[in-house]
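All of the numbers you see were taken from the coordinates with simple rules; none came from a lab. The structure displayed is predicted, hence computed values, not measured ones. Positions of Cβ are generated from backbone atoms using ideal geometry, with glycine treated the same way; all protein chains shown enter the neighbour counts.
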Amino acid sequence: MMQEKELNRAGIRREVFRLALPVAVSNLLHRMATAVDIFLVGGLGAPAVAAVGLGQLLIFFTMTVVWAVSTGTMVAVAQRWGADRRAEAGRVAVHGLLMTLVLTIPLAVAGFLLAPDAASLLGASVPVQILVGEYCQWVFLAFPATALVHVLTSTMHGAGDTRTPMRIFLVLNLVHVGLAVPLIYGYLGLPALGVEGAAIAVASAEILGVLLFWWQGWARGYLTKGSWDTACIRPIVRVGWPVAIDRMMWQAGQVVYFKILLLYGTAAFATHQLGVSIEALSFMPGLAIGVAAATVVGQSVGSGDILRARQGMAEANRLGILFMSGMGVLFFLFPEPLLRLFTADQEVIRLGVIFLRIAAVSQIPLAVTLVLQGALRGAGDTAYILRVTVVGIWGVRVPLAAAAAWWGLSVAYVWWAFLLDWITRMVLLQRRRRSSRWERTHVKITPVEFGAVAGD
């Protein structure tokens, strides 16, 4: 029995790793795509860089509703896939896509019309506002396509296919760069469109992405036909609405936290932004393993195999700790060389050493949080994750950071606040994992009345 248990653990560990590796590559490709635009417009001057950065920030805020639908769709698909109700999973996915279109078209119109005003509210100068308008008119025009790509990616992840999205994202990155360079600077006989050219490249890649994902979704059986039925929407909404509120609470908390950091001056804020960019290298394996855990747990719960779901959580947790603690050692031992790759400012480097060493200590609690959030989402336990987020950001991080600023303590104490935030979340999520409460939160899989479809 012990040998069989070890074999099960090893098999689940391999499954988590198999699913996570392509997701990590996809995350890297996505991060590169956002960084490429900033890098390419750098030759146009600071206003262009600021405009593209603000445009990406506006898209990020607008994505809240998309993350909700994509998470709900992934969980619903994973649990039905695990229950061997694949035709039903495909119909739920199609309903998720229709829901995405209904929600994102008004947001796209609002972004198209109001982006310069939003940039003004954020404090952008008039020249930057004009460039934000040029950039956002194209990226928001393609926003429904961006949203559909996210939901289709989540659908495939729920079905256990992480390689197809990785291949498509590789193609999209090549198309994006291949279009961006000539459109920005006027190479190959094309007009030099500057920031607008960067946006056209993004929009073109997103539209191509929808076509490729749509084709593969039908070809591989992840999408299936069926008439409209609200029963297919309910599991998406039930899982997704806490995710939307979770993201809103997190973003609001981050805004307040950034305002506290700005009290310490430009160098401290720049150090934080640079440190987070470096630390983001460690997020990718954690986030990827979290997606893999969501798939394994979701499919296991759908098949009624709670033991396998528990083993999946445990093995994903171990892998996350293994990979991210290694990054923590790197941050702790070599902070200065890492910082010198990006800046020569001595004050930023001095503060950055403090930040990266605090970030190094946070890697294990951060790993556990990222992985268990994914795993519990796979079980449909998104309402509990929302409560944990509220406690972490509003009960720990923001109050402690504000207290440090109020008492005139150094910026290091503001950074210690995010470490205590992650530790708090880790403890709460570990307690939830060890309890049996998440077992009763999964999406109920009930028959949906449709006409006869092959595979039912």
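Assorted remarks:
- Filtered trypsin sites (Lys or Arg not before Pro), segment 166-231: DSSP coil and at most 14 other beta carbons within 10 Å: Arg220, Lys225
- Kirkwood hydrodynamic radius (C-alpha pairs) into Stokes-Einstein, segment 118-232, 37 °C and 0.692 mPa s, D in µm²/s: 205 µm²/s
- Whole-number D in µm²/s for segment 173-235 (Stokes-Einstein; Kirkwood sum over Cα pairs; 20 °C, 1.002 mPa s): 152 µm²/s
- Cα centre as origin, Lys/Arg/Asp/Glu Cβ charges: segment 2-440 dipole, Debye: 1560 debye
- Net lengthening on full extension, Leu103/Leu263 (0.36 nm per residue, minus Cα-Cα): 53.9 nm
- Treating each Cα of segment 10-75 as an identical point scatterer and summing with the Debye formula, the log10 of I(q)/I(0) at q = 0.11, 0.26, 0.29 Å⁻¹ comes to -0.44, -1.09, -1.13.
- Size descriptor for segment 35-180, Kirkwood hydrodynamic radius: 16.6 Å (Cα pairs only, one decimal).
- Highest to lowest packing among 8-17, 422-431, scored as the average C-beta count within 10 Å: 422-431, 8-17
- A dipole drawn for the chain from +1 and -1 charges on Cβ atoms has a positive end, and of Phe17, Leu174, Ala118 the residue lying farthest that way is Phe17.
- Sorting the segments 339-349, 273-283 by their mean number of nearby beta carbons within 10 angstrom, highest to lowest, gives 273-283, 339-349.
- Label-point separation in nm, Ala192 to Leu174, each point 7 Å along Cα→Cβ: 2.9 nm
- Whole-Hz ³J(HN,Hα) from phi, Karplus 6.51 cos²θ - 1.76 cosθ + 1.60, for segment 327-338, glycine and proline x: 5, x, 4, 4, 5, 6, 7, 10, x, 5, x, 5
- Normalised Debye scattering of segment 102-146 at q = 0.18 Å⁻¹ gives log10 I(q)/I(0) of -0.48, counting only Cα atoms as equal scatterers and leaving out solvent.
- Annotation note: chymotrypsin sites (Phe, Trp or Tyr not before Pro) in segment 150-202 located in DSSP loop regions with a Cβ neighbour count of at most 10 within 10 Å are Tyr187.
- When each of the peptides 59-65, 234-240, 312-318 is scored by how many other beta carbons lie within 10 Å of its residues on average, the order from highest to lowest is 312-318, 234-240, 59-65.
- Farthest towards the positive end of the charge dipole of the chain, among the residues Gln363, Gln346, Met32, is the Cα of Gln363, using unit charges on the Cβ of Lys, Arg, Asp and Glu.
- Semi-axis lengths, largest first, of the ellipsoid equivalent to segment 269-388 are 34, 13, 10 Å, with √(5λ) applied to each eigenvalue of the Cα gyration tensor.
- In this simple spin-label approximation, Gln273 and Asp229 carry label points 7 Å from Cα along the Cα→Cβ vector, and these lie 5.1 nm apart.
- Stretchable slack from Trp218 to Leu114, in nm (0.36 nm times residue separation minus alpha-carbon distance): 33.9 nm
- Plainly put, the chain has a radius of gyration that is 0.97 times its Kirkwood radius, both from alpha-carbon atoms, as the Rg/Rh ratio.
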